[in-house]
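Shown next, in structure tokens, is the structure this report addresses.
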Amino acid sequence: METERLKCLIIGSGPAGYTAAIYAGRANLAPVLYSGLQPGGQLTTTTDVENFPGYPQGINGSELMEDLRKQAERFGADIRHGVATAADLSQSPYRITVDGDKVLETDTLIIATGATAKYLGLADEQKYAGMGVSACATCDGFFYRKKTVAVVGGGDTACEEAVYLAGLASKVYLIVRKPYLRASKVMQERVMDNEKIEVLFEHNAVGLFGEDGVEGVHLVKRMGEVDETRYDLAIDGFFLAIGHKPNSEVFKPYLDTDEVGYILTEPGTPRTKIPGVFAAGDVADPHYRQAITAAASGCQAAIEAERYLSARQ
Ligand code: NDP
């Protein structure tokens, strides 16, 4: 298998990965960055980012990521397409296999693989994948103009997606398992003030139906209680917005993770238990999960990598 030797390898192309690449590039570490399954990361699936400092009018998520990529390339980062499919972190240099057919040996590794949308685990979600089921309203909302859709979840993502879809669809149901929304006050207000959105509190989706695509959802109101009600609701699209799973599988045999899979780092730093291996952004952050905090930890990881390499010389 083809092998390449590197000083600094970055896996992932969200704000953490690109920021690490900017800093590592400027520190002359000749970083190579593999962009993963979704180049640009989660922000490319959103519309406007309103809370990234420096953009008083907000900025389109894809544009922001494109700018970060160009900034990293300006300082010599080598940005490539590819997915890390295996890792051997048992000794330095660390070995990462990309796309199953290329091995990279690296002195430092920055894991910035982010997190992926979660599904409920219903068999129907797979049955109707690409036929009415989606985990990204901004990617797929376009197909539901003037139609009826449902969004599952009660957090900021669910509210944001419901509001976004309300701009396209004729009706949006927000399916929330608790009697309240977990989202921030401002997002809750946007949902409640939107005439097209109807919030179904204490509801669970238990199945989907339809001939050639989603035509409706089987709902249970108040699951687990005696007075539960079951009924069907006609919808054309079913959107999941129930949180994310960190993309840490490949590295789990070598690194400590919490029960969800978030990589554990030394508090306040991106240092993992392996010297020279750092975890930045959402893959190691169950608390904040913001673009700006991911970018900040990418910066920390690159500075740590540079210091680690200098100390070894
Ligand atoms: P959250 O974890 O905050 O919310 C997940 C939601 O999905 C909760 O309402 C949860 O219900 C529900 N849920 C989870 N599992 C199930 C299930 N099996 N069945 C039904 N419902 C389920 O995730 P988000 O993606 O919304 O947000 C992640 C982080 O990103 C948060 O910190 C959020 O504030 C932030 N964010 C910020 C934005 C912004 O500022 N513009 C936009 C988007 C996200 P329950 O409450 O019952 O647990």
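Structural remarks
- Dipole of segment 86-176, positive end: most advanced residue of A169, G121, L109 [Cβ charges, Cα centre]: A169
- Over the chain: Kirkwood hydrodynamic radius from C-alpha pairwise inverse distances, Å: 20.7 Å
- Three-way shape label, segment 95-220, alpha-carbon gyration tensor, a/c 1.5: prolate
- Förster radius 51 Å - calculated FRET efficiency between Q313 and F201, Cβ distance, rounded to 0.05: 0.25
- The modelled label-to-label distance between A234 and D78, using points 7 Å beyond Cα along the C-beta direction, is 5.8 nm.
- Across the cross-link table entries K127/K147; K221/K252; K185/K273; K178/K273; K7/K118; K178/K245, which are compared at the Cα atoms, the separations over 29 Å belong to K221/K252; K185/K273; K178/K273; K7/K118.
- Among 149-157, 292-300, 262-270, 18-26, the order from most to least packed when residues are scored by Cβ within 10 Å on average: 18-26, 149-157, 292-300, 262-270
- Compared with the alpha-carbon gap, the fully stretched path from S90 to A129 is longer by 10.2 nm at 0.36 nm per residue.
- Dipole magnitude for segment 119-240: computed about the Cα centre from +1 point charges on Lys and Arg Cβ and -1 point charges on Asp and Glu Cβ, it is near 240 debye.
- Kyte-Doolittle mean at least 0.0, axial Cα span of 30 Å or more - DSSP H helices of the chain: 291-312
Read the figures in this text as sums done on the coordinates, not as results from a lab. Fair warning: this is a prediction, and the values are worked out from it, not measured in the lab. Here the Cβ is made from the backbone with ideal geometry for all residues, glycine too, and neighbour counts use every protein chain on show.
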